[in-house]
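Reading through the structure tokens given below for one structure.
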Amino acid sequence: MKTIIDNLNWRYATKKFDSSKKVSQENLDTLLEVLRLTPSSYGLQPYKFLVIENKEIREKLKEKSWGQTQVTDASHLIVLCSYLDINDLHIDAHVANTADARGIEPGALKGFGDFMKNTISKLDAEKKQIWNSKQAYIALGQLLHACADLKIDATPMEGFDPAGYDEVLGLRDKNLHAALVCPIGYRSEEDANQHFKKVRKSKEDLIEFI
């Protein structure tokens with residue numbers, strides 16, 4: 001248990017990455033599998049994760065991130081996208097995938113599918129987008145924890161222009177929206193933030209037993 005806490009104390013939002021250091025393919029594959037295994041409401045996974053490797057695209061995205069160098073200097077740039085809309089087709093695909101994975105007939109899950117359709121259909125477009133983006137935040141939390149375990153630096157970012165990202169990456173045509181950005185890699189020795197003491201509320205202020 002101490003290792004978990006040590007790793008979380010070690011991590012911080014890296015401001016300057018060492019562009020010469022790259023995350024290994026093995027570790028990248030592990031992180032992508034962590035994202036795939038992220039829990040989501042109903043197991044619907046209303047998101048998609050883009051790993052941006054193209055340097056020209058990353059330069060364009062840096063412009064949409066107010067010049068933050070993490071976007072271009074990190075080993076990999078992960079854009080966590082949420083679906084703009086979830087409809088009956090998405091739910092039917094999820095039911096079929098569930099039936100296939102568990103070796104049961106899709107008809108046995110009709111009640112589950114109908115329940116999801118009835119619940120989600122009551123949400124207007126804005127509420128669907130908010131609900132979908134919340135699922136991406138769950139994925140981000142899991143990604144950050146996994147990075148800490150692997151001693152890979154990561155910077156969760158909301159400081160970017162989502163509409164600009166959507167435009168550069170052509171996301172709207174894919175029913176997607178850039179919800180979060182997370183560069184991953186290794187901290188530069190020049191990043192002074194790594195030496196700052198972590199600041200958090202005390203357990204007494206933060207946690208209450210009732």
| query | Given DSSP loops and a limit of at most 12 other Cβ atoms within 10 Å, what is the longest stretch of the chain that contains no such chymotrypsin sites (Phe, Trp or Tyr not before Pro)? | reply | 67-195
| query | Which net charge results for the neighbourhood of Ala139, defined as the other residues with beta-carbon distances under 11 angstrom from its beta-carbon, given Lys and Arg at +1 and Asp and Glu at -1? | reply | +3
| Shape call for segment 1-80 from the C-alpha gyration tensor, a ≥ b ≥ c root eigenvalues: rounded (a/c under 1.5), prolate (a/b greater than b/c) or oblate? | oblate
| query | Please identify the GluC sites (Glu not before Pro) of segment 92-184 that satisfy two criteria: DSSP loop assignment and at most 14 other Cβ atoms within 10 Å. Which are they? | reply | Glu158
| task | Please work out whether segment 157-210 counts as rounded, prolate or oblate from its C-alpha gyration tensor, where a ≥ b ≥ c are the square roots of the eigenvalues and a/c under 1.5 means rounded, while otherwise a/b larger than b/c means prolate and anything else oblate? | result | oblate
| field | DSSP-loop GluC sites (Glu not before Pro) across segment 31-125, with at most 15 other Cβ within 10 angstrom | value | Glu53
| If one takes the longest principal axis of the Cα atoms in the chain, at what angle in degrees, from 0 to 90 and to the nearest 10, does the Cα axis of helix 125-149 lie? | 50 degrees
| message | Past 25 Å, Cα to Cα: identify those pairs from Lys117/Lys174; Lys110/Lys174; Lys64/Lys122; Lys16/Lys197; Lys64/Lys197; Lys128/Lys201, in the order given. | response | Lys110/Lys174; Lys64/Lys122; Lys64/Lys197; Lys128/Lys201
| Computed P(r) (all Cα pairs; segment 2-206; 5 Å bins; percent) | 1, 7, 13, 17, 17, 15, 11, 9, 6, 3, 1, 0
| said: Can you say what percent of the DSSP beta bridges in the chain, counting only those with both residues inside, are antiparallel? Round to 5. | reply: 95 percent
| request: Only Cα pairs under 8 Å and at least 6 apart count here; give the relative contact order of segment 2-206 as a rounded whole percent. | output: 37 percent
| task | Would you please name the trypsin sites (Lys or Arg not before Pro) within segment 74-180 that are DSSP coil residues with at most 16 other C-beta atoms within 10 Å of their C-beta? | result | Lys122, Lys151
| Over the chain: helical MRE at 222 nm, DSSP H runs n ≥ 4 each giving -39500 (n - 2.57), nearest 500 | -14000 deg cm²/dmol
| By the gyration tensor of its Cα atoms, with a ≥ b ≥ c the square roots of the eigenvalues, what is the shape of segment 77-172: rounded for a/c under 1.5, prolate for a/b over b/c, or oblate? | oblate
| query | Stretched out fully, how many nm does the piece from Glu204 to Glu63 gain, at 0.36 nm a residue minus the Cα gap? | reply | 46.6 nm
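No lab work stands behind these numbers, since they all come straight from the coordinates. A quick note: this is a predicted structure, and the numbers were derived from the prediction, not measured. So basically every Cβ, Gly included, is an ideal-geometry build from the backbone, and we count neighbours across all protein chains shown.
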